[in-house]
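Visitor: Take a look at the following structure, please.
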Amino acid sequence: MALATATTKHKHVDIKRNDTVKVITGRDAGKEGRVLRIFPKTGRVLVEHISMVKKHVHPNPQRNIKGGIAEQETPISMSNVMLVCKQCGPTRIGHDFRGEKKVRTCKKCGTTLD
């Protein structure tokens, strides 16, 4: 029997880079942060100052890196974050056509998120 890998492919990702999201579950629940990177193949997002871990780093004089213990973010699942609307807070995402363009809209207040 083959082991299942963590490559659940998301066909469509509603969260984009630099969006503000709120963590809804897990050890960082309730915190908000900016999306730094998206991993659609694994269904994960990298959020600024969320899911911080300590990494032991070797010194590298060529890259001007000091050794020691550095903190960095780890990706969390997209299902654990919710997009934050500027007017009404965390919300689900809808889609609408404004003219010829398809835009993301807030499900609570209907404002455009793009």
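Visitor: In whole percent, how big is the carbon plus sulfur part of the accessible area of the range 3-93, probe 1.4 Å, protein atoms only?
Guide: C and S fraction of accessible area: 51 percent.
Visitor: Strictly over 31 Å apart at the Cα level, which of Lys41/Lys66; Lys55/Lys108; Lys31/Lys107 would you flag in this model?
Guide: Lys41/Lys66; Lys55/Lys108
Visitor: May I pose another question? Assuming 0.36 nm per residue, please report the length gained on full extension of the stretch Glu48 to Val13 beyond their Cα-Cα distance. All intermediate terms of the calculation are to be shown ahead of the outcome.
Guide: On the way: separation 35, 0.36 × 35 = 12.60 nm, distance 1.85 nm.
Here the answer is 10.8 nm.
Visitor: Modelled label-to-label distance, Ala70 and Thr111, 7 Å Cα→beta-carbon offset: nm?
Guide: 3.7 nm
Visitor: Moving to a separate point now. Using a probe radius of 1.4 Å on heavy atoms only, what accessible surface per residue do you get for the chain? Whole Å² is fine.
Guide: Each residue of the chain exposes 75 Å² on average to a 1.4 Å probe.
Visitor: If you don't mind, there's one more thing I want to ask. Just to check, using Stokes-Einstein with a Kirkwood Rh over alpha carbon pairs, what's the diffusion coefficient of the chain at 10 °C and 1.306 mPa s in µm²/s?
Guide: Here the translational diffusion coefficient equals 98 µm²/s.
Visitor: Below 8 Å between Cα atoms, with a sequence gap of 6+, how large is the relative contact order for the chain in percent?
Guide: Rounded, it is 20 percent for the chain.
The values are calculated or read from the model by the stated rules, or taken from the named source; none is laboratory data. Here the structure is a predicted model, which is why all the values come from computation and not from measurement. Cβ sites come from the backbone with ideal geometry, for glycine too, and all protein chains shown count toward neighbours. Each accessible area value is taken on the protein alone, full model and side chains, heavy atoms only, with ligands, DNA and RNA left out. Shrake-Rupley method; radii C 1.70, N 1.55, O 1.52, S 1.80 Å.
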